[in-house]
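Enquirer: Sending over a structure as C-alpha cells; questions will come in a sec.
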Amino acid sequence: MKCYLCEVEDFVFKCNYCKQYFCSEHRLPITHLCPAINQYLEKRKRAISYNNFPKNNLINSITKTINLHFSRTEIKHLLIATFLVSLVGMSLNKYRYISIEFLVIFIIAFLFHELAHKFLANFYGSWAEFRTDLYGLIITTISAIPFIPFKFIAPGAVIVGISEKSKLGKVALIGPITNLVMGFILLLFSYLYPYSIYFSIGTSFNAWIAMFNLLPFGVLDGQKIFDWNKVVWSFTMVITMILFIVSYF
C-alpha cells in the first residue's frame, strides 16, 4: 500500500487518530502533521511522566515489556498469518489428522516466535508490530497445498524501530531460539510418550520454523543474525539442523 503523505509503497501503519495509512517514516502523528496532534502530545506527556517516575531500571524495562500494546491492525495481521500457518501445519499430514491438539501446537509455534521478537524489542524500548507481507502470504498459502513438498512459512514479520546491529541481531535471534526451546521440550515428551504423534510432529514443526527463519537471506531472521555475529548464527543453525534431523527420524 502507499503512504497517504508521500505515496511511497511500504509497510503501512494506520494512525489511531486520523485513521489514514502511513509508511514507517511518517507513521507517527507528529511526522505527518496529524489533525489530532494535540491528543497525541497529551498521551505522550502522560507516558513520559510515568516513565520518569523513579524505579529500578530492570523493573521499568520488564514493566514496559509486559504491558504490550497491540493495535487493531496488528491483531488483524496476526490472525491472518496464524490461520495460514495452521493450514501449512495441517498440510504436513495432508489434512488427515485435524484436531485441536494439532492446531494448538502449530499456532503456538508461530505466535510464540513472533511475540518473542516483539517482547525483546519492547524490552529494548523500541516500537514493534507484526505486519503481513503480500508475497509472503502468497508463498505460505501455496505451501498449505498438501502435495507441495517444500513448505515455506513467511506470512510476515515483526517490524521494529532498532538500528543498532547487536540489538537487532538479538531481537532476530530470540524467535528461532523460542522455537528451539519448544522443539526440545516436545522432543522430550515424544520419548516419554512414544505413542503420541502430537509431540513428534510439534518437534519437527518448530525445528522447521527455526531453520527456515535462520536462512541468511532477505528479511529473514538469519540475515540479521548473520550480519551481527556469524559464530552465533552458525551455532544456532547447527543445533537447529540436529533437532530437525532427530525429529525426522
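The values are calculated or read from the model by the stated rules, or taken from the named source; none is laboratory data. As the structure is a computational prediction, the values presented were derived from the model and not from experiment. Neighbour counts run over all protein chains shown; Cβ positions are idealised from the backbone, glycine included.
Enquirer: Considering K170, K224, K151, which residue is of a type in the set (K, R) and not in a helix (DSSP H, G or I)?
Expert: Within the list K170, K224, K151, the selection yields K151.
Enquirer: Which count do you get for residues in segment 1-44 that are surrounded by fewer than 16 Cβ atoms within 10 Å (Cβ to Cβ), within 24 Å of Y135 (Cβ to Cβ) and either among the β-branched types (V, I, T) or in contact (Cβ under 8 Å) with a residue 60 or more places away in the chain (or both)?
Expert: Total satisfying the criteria: 1.
Enquirer: Looking at K224 and the list (1) surrounded by 14 or more Cβ atoms within 10 Å (Cβ to Cβ); (2) over 16 Å from the mean Cα position of the chain (by Cα); (3) without any contact (Cβ under 8 Å) to a residue 60 or more places away in the chain, which single condition is not satisfied?
Expert: K224 satisfies every listed condition except (2).
Enquirer: If I filter segment 229-243 for residues that are assigned to a loop (DSSP other than H, G, I, E, B) and in the same structural domain as S86 (by TED's automatic domain parsing), do I get at least one hit?
Expert: yes
Enquirer: Please go through segment 90-142 and pick out each residue that is at pLDDT 85 or above, of a type in the set (G, A, S) and over 23 Å from C23 (Cα atoms).
Expert: Within segment 90-142, A109, A116 qualify.
Enquirer: Yes or no: segment 30-39 includes at least one residue that is in contact with a Pro (Cβ under 6 Å, 6 or more places away or on another chain) and either among the acidic types (D, E) or not assigned by TED's automatic domain parsing to the domain that holds V219 (or both).
Expert: Yes; the residues of segment 30-39 include at least one that is in contact with a Pro (Cβ under 6 Å, 6 or more places away or on another chain) and either among the acidic types (D, E) or not assigned by TED's automatic domain parsing to the domain that holds V219 (or both).
Enquirer: Taking segment 166-189 as the search range and keeping residues that are touching a residue at least 40 places away in the same chain (Cβ under 8 Å) and more than 20 Å from I153 (Cβ to Cβ), which one is surrounded by the fewest Cβ atoms within 10 Å (Cβ to Cβ)?
Expert: S166
Enquirer: For segment 194-215, indicate whether the set of residues that are in contact (Cβ under 8 Å) with a residue 24 or more places away in the chain and not in a helix (DSSP H, G or I) is non-empty.
Expert: yes
Enquirer: Among S200, S190, which is the only one that is in contact with a helix residue (DSSP H, G or I) (Cβ under 6 Å, 6 or more places away or on another chain), closer than 23 Å to S143 by Cβ and not acidic (D, E)?
Expert: None of the others qualify; the one that does is S200.
Enquirer: Right, here's the next one. Name the residue that is surrounded by the fewest Cβ atoms within 10 Å (Cβ to Cβ), counting only residues in segment 135-153 that are over 11 Å from V88 (Cα atoms) and within 16 Å of the chain's Cα centre (by Cα).
Expert: L137
Enquirer: Still on this model: Based on what the data block shows, is N179 touching a His at 6+ places or on another chain (Cβ under 6 Å), closer than 25 Å to L103 by Cβ, assigned to a helix (DSSP H, G or I) and modelled with pLDDT of 85 or more?
Expert: Taking the combined requirement at face value, the residue satisfies it.
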